[in-house]
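Working notes, beginning with the structure itself.
Nothing in this text is a laboratory measurement; each read-out follows from the coordinates by a stated rule. Remember, it's a predicted structure, so these values are computed and weren't measured experimentally. Heads up, the Cβs are rebuilt from the backbone with ideal geometry, glycines too, and the neighbour counts pull from every protein chain shown.
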Amino acid sequence: MSSALIILLITALLFDFLNGFHDSSNIVATPIASRALSPRKILWLAAIAEFAGPFIFGVAVAETIGTGLTDPQNVTMPVVIAAMLAAVIWNIVTWWLGIPSSSSHALVGGVIGAVTVGEGIDAIQGAGLIKVSIALFLSPVLGILFGYLLMNLTLFLARGATPRINGFFRRAQLVTAVGLALSHGANDAQKTMGIITLGLLVNGTIDQFVVPTWVIALSAGMIALGTATGGWRLIRTLGGRIYKIRPVHGFVSQMAGASIILGAALFGGPVSTTQVMSSSIMGAGTAERLSKVRWQVGSEMLVAWVLTIPISAIVAAIVYFPLNWLLGG
């Protein structure tokens, strides 16, 4: 195994761990905030479901990330490593600041920046970039819409119910949390699989883009480990700063988020779990009243989302040159 491939594996698995660590808030924040289950139990339940996700729902997203944005024949190992390293740096910075940002956006930005400086802008495949962009930017809109509609439907069906219905919504979140974790593992873990498989192909270890089983297991295991560890700064942001979440909000937002993320995974569209869940929570709150949502928090998230791709692209472009020199590119 070459030194470049070893560096890629270490960097990719670190990104995968940080992705799970970063995105654990999206899965467990609402059950924790509504006290559906203890934090540690819900984190481990989510981690187990995360690991199972890609084995159940396939690896269509990995193929999109690995071959959709650029032709593997136009990529070198320094390009792949620079893209991953930029996403890792952005994940660490936003976690430290407690800002729920998109690991998916960071990875896409990293790929764009590294490929552009390494191989030229023509190496970016327009059709693949359009597909990825549609998935990334349409999903939060759908999150708000689904959250809003499902909340209205839930409130209509539960009209006249006694406060005891909160017990149902609290217990039901165990089911929706598992569904959300399955969808997250089926979408986000595949991004790392796609990058590792791309590296294996570029390195000549494999001769066609087929995700090996060991790559699936390793990537799923690392994102599950990150989820089990839990990013508490981000959990507090999603669990309480947007508005005071009750069991019904947790149930509705997780239903909306899981539907969107799983649907995207089956069609090979990489989406941001952070964006989808944040927007679903906002949509559920808006259904009760517009002023319920602390829009200042939402605006902070929006700024982070807008900046993620360009900043990650710049970071990848910067780190590419020393990597290319070190690896003899």
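About the Cα centre, and with charges only on the beta carbon of Lys, Arg (+1) and Asp, Glu (-1), how big is the dipole of the chain? Nearest 20 debye, please. Mind dumping the intermediate values first?
Numbers: 17 positive and 11 negative charges, 387 e Å.
Dipole size: approximately 1860 debye.
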>> I'd like the Karplus ³J(HN,Hα) series for segment 246-263: coefficients 6.51, -1.76, 1.60, θ = phi - 60°, whole numbers in Hz, and an x wherever there's a Gly or Pro.
In response: 9, x, 5, 5, x, 4, 5, 5, 6, 4, 5, x, 4, 4, 5, 5, 5, x
> Taking amide H positions as placed 1.01 Å from N in the peptide plane, with prolines and chain starts having none, which residues 5 or more places from T70, or on another chain, fall under 5 Å of its amide H?
Replying inline: Q125
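Within 10 Å, count the other beta carbons around each residue, average over each peptide in 121-131, 6-16, and list them highest first. Don't skip to the answer; put the middle values down first.
Working: 121-131: 13.5, 6-16: 21.6.
Packing proxy ranking, top to bottom: 6-16, 121-131.
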> So what's the back-of-envelope 222 nm ellipticity for the chain, counting only DSSP H runs of four-plus at -39500 (n - 2.57) apiece and dividing by all residues, rounded to 500?
Replying inline: -26500 deg cm²/dmol
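If I take every Cα pair under 8 Å that is 6 or more residues apart in the chain, average their sequence separation and divide by the length, what percent do I get for the relative contact order? Mind showing how you got there, number by number?
On the way: 651 pairs, mean separation 128.5, N = 329.
Answer for the chain is 39 percent.
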> Rounded to the nearest whole Å³, what is the per residue volume of the convex hull around the Cα atoms of the chain?
Replying inline: 108 Å³
> Listed highest first by mean packing, meaning other Cβ atoms within 10 Å per residue, what order do 67-79, 201-213 come in?
Replying inline: 67-79, 201-213
> Ranked highest first by the average count of other Cβ atoms within 10 Å around their residues, in what order do 270-278, 320-328, 40-48 fall?
Replying inline: 270-278, 40-48, 320-328
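Shape call for segment 38-93 from the C-alpha gyration tensor, a ≥ b ≥ c root eigenvalues: rounded (a/c under 1.5), prolate (a/b greater than b/c) or oblate?
Details: a/c = 4.38, a/b = 1.62, b/c = 2.70.
Since a/c reaches 1.5 but b/c is at least a/b, the shape of segment 38-93 is classed as oblate.
Quick one: order E50, E63 by neighbouring beta-carbon count within 10 Å, fewest to most.
Numbers: E50 32, E63 18.
Ascending number of Cβ neighbours within 10 Å: E63, E50.
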> Which loop trypsin sites (Lys or Arg not before Pro) in segment 255-314, with loop taken from DSSP, have no more than 10 other Cβ atoms within 10 angstrom of their Cβ?
Replying inline: R289
